[in-house]
Amino acid sequence: MTRYLQIPFVDKGRTFQGADCYGLVKLYFKNELNINIPETNITAEQPNRIMINYLNEISKNWEEIQHPETNCVIALAMHENHPKLVTHFAVMINDKKVLHTLRKINAHIVDVDNIQIKPFIKGYFRWKGDKQWH
């Protein structure tokens with residue numbers, strides 16, 4: 001797990017040299033689970049389209065679950081101007097710990113009950129799509 005720690009935040013980044021929140025989720029799924037999840041069109045710069053894109057992508061590839069579990073993705077609403085819209089993703093690395101990155105904060109692990117995470121959680125999602133995205 002240490003190879004993910006301190007990956008610098010890079011907007012639209014998808015590598016170990018730099019990743020945004022979704023890029024970090026993609027790296028984790030590819031390297032830990034051998035699953036290539038699809039790219040997303042969800043960006044904080046498009047707040048009016050976020051929820052539509054989010055719901056379309058969620059219904060195709062993810063199933064909502066009631067409680068966090070290892071390898072699920074957490075959808076969070078963390079944009080101060082759009083507090084109800086999902087704009088951030090993180091991954092559960094076990095049943096209590098979350099791997100994520102934020103602007104100005106490199107990739108790190110926090111407890112799912114941490115005040116940095118818990119108040120912003122909009123849902124937990126388990127991958128149900130194919131192992132490989134084509």
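No value in this document is a laboratory result; all are computed from the given coordinates. Here the structure is a predicted model, which means the values were calculated and not measured. Positions of Cβ are backbone-derived with ideal geometry, glycine not excepted, and every protein chain shown enters the neighbour counts.
Annotation: the residues 65, 109, 74, sorted from fewest to most other C-beta atoms within 10 Å of their own C-beta, follow the order 65, 109, 74. The trypsin sites (Lys or Arg not before Pro) found in segment 58-134 that occupy coil by DSSP, while having at most 15 further C-beta atoms within 10 Å, are 84, 96, 103, 104, 128, 131.
Each Lys and Arg Cβ is given +1 and each Asp and Glu Cβ -1; about its Cα centre, segment 70-134 then shows a dipole of about 100 debye. Summarising the label geometry, the points placed 7 Å from Cα in the beta-carbon direction at residue 5 and residue 114 lie 1.2 nm from one another.
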